[in-house]
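The values are calculated or read from the model by the stated rules, or taken from the named source; none is laboratory data. What you see is a predicted model, and the numbers here were worked out from it, not measured in a lab. Using ideal geometry, Cβ is built from the backbone for each residue, glycine included, and neighbour counts are taken over all protein chains shown. Protein only, heavy atoms only, side chains kept; ligands, DNA and RNA dropped before computing areas. Shrake-Rupley method; radii C 1.70, N 1.55, O 1.52, S 1.80 Å.
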Amino acid sequence: MSVSDYAETEGLPAADRTPYKPWSYDTASTKLYIPRLAAGQDRWFAAALSDDKGKAPSRLAVFAERPQHKRWEMVSVVDLDSPKLPDIALDHDGYATAVAADGNKHLAADAGVLRAAVLDNFATGGTHTGTKVFTPTTASKRQIEVHDKTGTRYGDQGTTVFAGADNRYKDAYALKTTDGGALVLFSHMHLQTDAVAHSGLQINPGKEDRAWLHDVPRTSIRYTFVCNDAATVPAKAAPSRLIGYTCARTDASGPPVPSWSARV
């Protein structure tokens, strides 16, 4: 996701680039959730972060140890829709409790179910599983709105279809909450395919697409998105709550219009 941000910026003319501004998180307001892990378990922790001094956290991040790289890495970051954080269960020493994010029978939904529901929000507007797995929240409504508005923006001149993609980022993390449920942090990938309705029409890439499409008119464009998601899941059979998600376009491709292909 970070690399795609750099690629998109480098594809813009210098005049259209936003000057880089150094940034940092306010350590005084940071809340760390460090799970007590058994020997041999992968080491990770979650952090609630704010980039404004004295303000409530606005992001949830996961940091994981990567022995192969001999360092810790931020492997997920989610923009929250509300500064109110879920109540994480802490032991008498202040440690959080990590629980299984996948295949956990003690939760109403695991990461796989949540991921499928998020993809359904984009693909169908939540018709199949999205609105069943998630109770309406700002985040889930926003995903459905992306489906509804983006899918009809071309009218009778073209179509937009969303679909899941082979997910390269299957790691998922979960912390026990005080109500017996869990905060689950996971990732997903989805595709957005725009296509003209008939020959003679073309899609003109926007300036944000220049890094991948180079201002070449296309008959169709397939965008790839990588996203991080956060949800609170109850222990009993009840809907979960999507509390935030963050997406980045990481690729775009598509066939040029015939007239352009002939020139090449």
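Between Glu10 and Arg142, the distance separating the two model label sites (each 7 Å from Cα on the Cα→Cβ line) works out to 2.8 nm.
A crude spin-label estimate for the pair Thr127 and Asp215, with each label 7 Å from Cα along the Cβ direction, gives 4.0 nm. In a DSSP loop and with at most 15 other Cβ atoms within 10 Å, the chymotrypsin sites (Phe, Trp or Tyr not before Pro) in the range 1-83 are Tyr20, Trp23.
For the chain, the longest principal axis of the C-alpha atoms and the axis of helix 111-124 are separated by about 30°.
Ranked by the mean number of other Cβ atoms within 10 Å of their residues, highest first, the peptides 176-188, 210-222 fall in the order 176-188, 210-222.
In the full protein context, the chain carries 55 Å² of accessible surface per residue, based on a 1.4 Å probe and ignoring ligands, DNA and RNA.
A straight Cα-to-Cα reach below 17 Å connects Lys21 with the aspartates and glutamates Asp5, Glu8, Glu10, Asp51, Asp52, residues fewer than 8 places away in its own chain not being considered. When the pairs Lys105/Lys149; Lys55/Lys149; Lys70/Lys170 are compared against a 30 Å limit on Cα-Cα distance, Lys105/Lys149; Lys55/Lys149 fall above it. Placing pseudo-labels 7 Å out from each Cα toward the beta carbon at Ala165 and Asp179 gives an inter-label distance of 3.4 nm. On the range 3-262, 53 percent of the accessible area sits on carbon and sulfur atoms, based on a 1.4 Å probe. Calculated on the alpha-carbon coordinates, the convex hull of the chain measures out at 161 cubic angstrom per residue.
Basic side chains Lys and Arg get +1 at the Cβ, acidic Asp and Glu get -1 at the Cβ, and with that the dipole of the range 3-262 about its Cα centre reaches some 280 debye.
If a paramagnetic tag sat 7 Å from the Cα of His106 along the Cα-Cβ line, which residues of the range 151-178 would have the backbone N under 20 Å from that point? In the range 151-178, the label zone of His106 (backbone N under 20 Å from the point 7 Å along Cα→Cβ) covers 172-178.
Once the C-beta distance of Asp87 and Ser253 is scaled by a Förster radius of 35 Å, the resulting FRET efficiency is 0.20 to the nearest 0.05. The distance linking the range 186-259 with the range 114-166 is 12 Å (Cα centroid to Cα centroid, whole angstrom).
Over the range 3-262, what is the mean sequence separation of C-alpha contacts under 8 Å (at least six apart), divided by residue count, expressed as relative contact order in percent?
Averaging sequence separation for qualifying contacts and normalising by length gives 18 percent for the range 3-262.
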